[in-house]
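Some notes on the structure that comes next.
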């Protein structure tokens, strides 16, 4: 097995492993916000690893460029969708997105005084 | 069967936890699982395109990535306002 083949295998293993870990995390963790923490790496780390494996195998051919394009699209849209989902979860929970009074009070501790 | 197709097959196992959450979770948790399943499907299409050595198939992964984002935003807005 060549060094290139080993690199491809390692990147593929990393990408697939991250996604499977995140899927199991979504299943195991009960809280919605914690689930969203697992949704993040699957849309950023895994596409980069798999696109890197394609680049190692194909260099910057048509396939390589398209794989990078998919990784870029996933990297841009994934965090935006995760944020939108978290925002929707909070609005469903509290009726609005703004901070609650007790959350504001927790932020203005002596170690973190309010702005004057 | 090359390493790409093996990786795609293994990756499909990730749909099981997503399906379980989609069946049993609260509505917003089902949406999170649906988004994760969309991400997983994009990666599977990417690996299949490389495994079958068909560069035009990469377009499927790209289109699914864009459409799952748009669909996810629609579901988010729907859950945020009405359900």
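Structural remarks
- Residue in segment B:28-56 that is nearest to residue A:51 (Cα to Cα), counting only those that are modelled with pLDDT under 90 and assigned to a helix (DSSP H, G or I): B:55
- Some residue of segment B:49-64 being within 9 Å of chain A (Cβ to nearest Cβ), under 14 Å from residue A:78 (Cα atoms) and surrounded by fewer than 18 Cβ atoms within 10 Å (Cβ to Cβ): no
- Check on residue A:63, at pLDDT 90 or above and within 11 Å of another protein chain (Cβ to nearest Cβ): no
- In segment A:17-36, the residues that are surrounded by fewer than 18 Cβ atoms within 10 Å (Cβ to Cβ) and more than 29 Å from residue A:64 (Cα to Cα): A:24, A:28, A:29, A:30, A:31, A:33, A:34
- Filtering A:71, A:39, A:14, A:46 for residues that are touching a residue at least 24 places away in the same chain (Cβ under 8 Å) and surrounded by fewer than 21 Cβ atoms within 10 Å (Cβ to Cβ) leaves a single hit, A:14.
- Residues that are buried (at least 22 other Cβ atoms within 10 Å of the Cβ) and free of Cβ contacts under 8 Å to residues at least 40 places away in the same chain, drawn from segment B:13-28: B:14, B:18, B:21
The values are calculated or read from the model by the stated rules, or taken from the named source; none is laboratory data. All of these numbers come straight from a predicted model, not from anything done at the bench. Note: ideal-geometry Cβ built from the backbone for every residue, glycine included; neighbour counts use all protein chains shown.
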